[in-house]
Amino acid sequence: MSPVRVIGAALIGLASVASADFIVNGDFETFVPSNGTGGGWSTFHNDGLGGWRSTGGNLGGMFILNDGGSATTDPTIMQTVTGLTAGRRYVLSGDYASVYVNWAPWGATNSFEVLVGDILIFQGPTTNLLNWTHFSAEFIATDETMDVVIRAEANGTDNDFMIDNIMLDVPSSGSLALLGLSGLAMLRRRR
């Protein structure tokens, strides 16, 4: 194989590694127990109206964070991710939507929260009922292993949310540049 093809293949390989998802079962296609561990997640403080659903997600399954309005506990789901590089930038993204009409108070900007480790990286308001909203937030990893934590009813509110399509990725701008260089190398070789 020519050196140009070897370099091109290596660049494509690097690009695919750079876009690897670190989250297990972020699409919630596999069962996740309420107030327990399974399906890649650990969940806490969810009542009977919360929990995993096989349908109703932003395609397929989803998880509802609901705790019946307790002011002292927030319904929470978390996953410990490994294989991170300390000092590297990552993007955590997903979809969330208000579920159940108990928005107290309506529009509270701090009722949906996403944390990595102990660092709050995203706060979201209520959405229109069952209206999926995308979130995306960047952070710098401080360790090789970190907890991704998502919670509803934050800061004394009673706003419940459903979540789906949770992903943790390396930002893609470098991946696209690598793919572009690889493509140029392949075109040059053909001439």
Report summary line: (1) modelled with pLDDT under 95; (2) not in a loop (DSSP other than H, G, I, E, B); (3) not charged (D, E, K, R) all hold for Phe135 apart from (1)
**Report entry** strands (runs of 3 or more DSSP E) within the stretch 37-109 that include 1 or more residues surrounded by fewer than 20 Cβ atoms within 10 Å (Cβ to Cβ) and modelled with pLDDT of 95 or more
**Finding:** 41-44, 51-53, 76-81, 89-98
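The values are calculated or read from the model by the stated rules, or taken from the named source; none is laboratory data. Owing to the predicted nature of the structure, the values given are computational and were not obtained by experimental measurement. Counting neighbours? That spans all protein chains shown, and the Cβs are built from the backbone with ideal geometry, glycine included.
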